[in-house]
Amino acid sequence: MRSVTPGQGQPPFEDNIGNAGETHQDIAKGADHGDGAAHLTDNFGHRLADNQNSLRAGERGPTLLEDFFLREKIFHFDHERIPERIVHARGSGAHGVFQCTKAIPELTKASIFRKEGNSCPVFVRFSTVAGGAGSIDTPRDVRGFAVKLYTDSGNWDLVGNNIPVFFIQDAIKFPDLVHAVKMEADRGYPQAATAHTTFWDFIGLMPESMHMIMWAMSDRTIPRSFRMMEGFGVHSFRFVNAKGEGRFVKFHWKPVLGLESTSWDEAVKIAGADPDFLRRDLFEAIAAGNYPQWDLGVQIFDEQWAAQQPYDVLDATKIVPEDDIPVQIIGRMTLNRNVDNFFAETEQVAFLPSNVIPGIDFTNDPLLQGRLFSYLDTQKSRLGTTNFHQIPINAPKCPFHNFQRDGMMQTLVPTGRANYEPNSLAEAGEEAGPRACPETGFTSFTANDERNDPSQKLRVRAELFADHYSQARLFYRSQTESEQAHIASALVFELSKVELEHVRARVVSRLRNIDEDLATRVADGLALDLPEKAPAAKEPIDMKPSDALSIQKNVKPIMTGRKVGILFAEGSDKAAIDRLKGEIEKAGGTPFLVAPKVGGIKVKGGTLKADGQLAGSPSVLFDAVASILMPDQAEKLAKDGAAVQWFMDAYAHCKTIAHCEGTKILLDKAHVEPDEGVVPIEEFASVGTRRHWAREPKVRDLA
């Protein structure tokens, strides 16, 4: 990264007169646009096209909140004199690279997508939403999925979640949502949990949240690994090409390893066994060279298509079904380096949805519009200075030059007296500083074709935003029977923690608009009389179920990225253990040896050291388990509660259990019954890559 002092550079510029007679000092047409020091940018390297006028809804209309150049300029000025994240506090980060695998210049002029093979560094932060920095990794919670791409046109921050929709439609409700979901104000608990009264009281009064609730109560919110989790930009953004033509775009991160989740019981036990389970998994995978990867996909559609849909594409509580608009893959992200310092990088990284590059633009999504303001304003409180962009993890890796000065923790040393423009200092031989560039600077999409009348200023939502249940019904009916049972059971668990009966009844009354069977199951689980169906502002419609919405339908039956626990003890056959380890490693998995003791243990064929001790390595930490034991050792372990629980949990969590003949006495003690996933050790390779959900009704009561 080249370090350049703001204000340096002497561009060839020309004076132009604007529409109202204002002076524009612009880089001359046809000038060398490769001279980065000549171009006026914001603090993140985005070039300005006009430094004289703020963005308006019509030439005499109100100034728009999305003008991130204006807001940054005023924001910085306001704090030039010196006098824990509220959400997403617990995060895990890593560095990597993004590469374009399919050029799309016909869709966007964004430089990163101009040519196949174009690449840039990235930093990614995964997070929970509700808990504080010291909370656990594995609660039932939405996961943040924020990506900072350091492009040659400036930073592009794609700040999303692992769920494609959100709880609310308008940003004005965000403080209420967060207050409701956080620990209750009078008692300071629960931490990192939605299973409490105030959250469900809010949800029961916000029918727009019901689609998100289906996702939040699904296994999407208890992921097996960050590496096996999807990411979404949530909002409809806009691609703009070199001709100024715009189309809507939704962004998707698809994990190369496929989707995978835990079960709820498993997530609870992992929290006790390893509160840092997901953070450790990410760190260790990168350290071992098993670099996590995601494909970047886009859904592209135009205003004409959008106008024909029964929902509004500007509504953040709605998806665009992949069956209607397929996701096309245009790039791949690889995380290949862990952070050097957690505080300096993971904690100090600042993501701004307003950080976009030419070729990517905003829409009138009211939730997005509020986020464009909120994130920038937050950084002053979090990082203490308007100069947070100078922290290395936040700084662009392309030149940035402007006239913003001073402020707390100013680390750059501007030279000269040019801290304003227009100026004529160059005529006296002094440094005049950079200038705006209409040709290469960021310009907003000019067409107002989102079915909007800019002559109106209203506090009202579009009528099409009123359908709160159709897509919630679509999501629920797209799940497997097992996944539907998980959603119903999650609702029963969460609502059982709600102290006020009328709140429980109100939520169930809304569930009747989604699916009668779901509402009945939840009511039965709560011993609640089925309440009357809540009135719907817009009657829901039946949409065609989509396999893309199910985790279980999208699991990849591969060993890559999976971790297998292998239990052994004194006298175990080393050759058999080595053979199984070799099979797992050859298939891309990671074997982990577990034994009653971690030191060297005498086995048949030599001595073997365990990677973890039995009590400290419960089976919830593994994707599948295997055991190679002599009968006498198995009989001894059958008296050890940790060993019995090791198999009981693996069986209850529907994992593959591979065993030798000597292990059977221990399996009997754990009440493990043979099925397609309980197999001899020789058959592990054929079934060890998946869970066996058909077993679940035998091991637990589901709603």
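The values are calculated or read from the model by the stated rules, or taken from the named source; none is laboratory data. All figures in this text were calculated on a predicted structure; none of them were measured in a lab. Note that each Cβ is placed from the backbone with ideal geometry, even for glycine, and that neighbours are counted across all protein chains shown. Note: accessible area is taken over every heavy atom of the protein model, side chains too, but ligands, DNA and RNA are not part of it. Shrake-Rupley method; radii C 1.70, N 1.55, O 1.52, S 1.80 Å.
Its Kirkwood hydrodynamic radius, worked out from the mean inverse distance over all distinct Cα pairs, puts region 114-180 at 14.4 Å.
Compared with the direct C-alpha span, the chain from residue 268 to residue 303 gains 8.1 nm at full extension, assuming 0.36 nm per residue.
For region 338-466, what does the alpha-carbon gyration tensor say about shape, rounded, prolate or oblate, given a ≥ b ≥ c as the root eigenvalues, a/c under 1.5 as rounded, and a/b over b/c as prolate? In terms of gyration-tensor shape, oblate.
Each of residue 524 and residue 187 was given a label point 7 Å from its Cα along the Cα-to-Cβ line. The distance between the two points is 3.0 nm. Secondary-structure-derived ellipticity at 222 nm for the chain, considering helices only, amounts to -7000 deg cm²/dmol, per-run term -39500 (n - 2.57) for DSSP H runs with n ≥ 4.
Placing R0 at 45 angstrom, the Cβ-Cβ distance between residue 702 and residue 455 gives a FRET efficiency of 0.25 after rounding to 0.05. Overall, the anisotropy analysis places region 105-243 in the prolate class: the square-rooted eigenvalues a ≥ b ≥ c of its C-alpha gyration tensor yield a/c not less than 1.5, with a/b exceeding b/c.
Looking at the chain, the accessible area is 41 square angstrom per residue; that uses a 1.4 Å probe and ignores ligands, DNA and RNA. Computed over region 237-317, relative contact order equals 41 percent, with contacts defined as Cα pairs under 8 Å that lie 6+ residues apart.
With a 1.4 Å probe and all protein chains left in place, how much of the accessible area of the chain comes from carbon and sulfur atoms, in whole percent? Its accessible area is 52 percent carbon and sulfur atoms. Relative contact order of region 463-540: 43 percent, from C-alpha pairs under 8 Å at least 6 residues apart in sequence. A DSSP coil position with no more than 16 other Cβ atoms inside 10 Å describes none of the chymotrypsin sites (Phe, Trp or Tyr not before Pro) in region 605-703. The simple Förster model, with R0 at 51 Å and r as the Cβ-Cβ distance, assigns residue 32 and residue 448 a FRET efficiency of 0.90. Once a ≥ b ≥ c are taken as the square roots of the eigenvalues of the Cα gyration tensor of the chain, is the result rounded (a/c under 1.5), prolate (a/b larger than b/c) or oblate (a/b not larger than b/c)? Here the chain falls in the prolate category. Using the Cβ of residue 291 as centre and a radius below 15 Å, the other residues enclosed give a net charge of 0, where K and R count +1 and D and E count -1. Here the spin labels are modelled as points 7 Å beyond Cα on the Cα-Cβ line, and at residue 542 and residue 340 they lie 6.0 nm apart. Gain on full extension, evaluated as 0.36 nm per residue between residue 323 and residue 103 minus their Cα-Cα distance, stands at 76.9 nm.
Restricting region 623-703 to trypsin sites (Lys or Arg not before Pro) that sit in a DSSP loop and have at most 11 other Cβ atoms within 10 Å of their own Cβ leaves 639.
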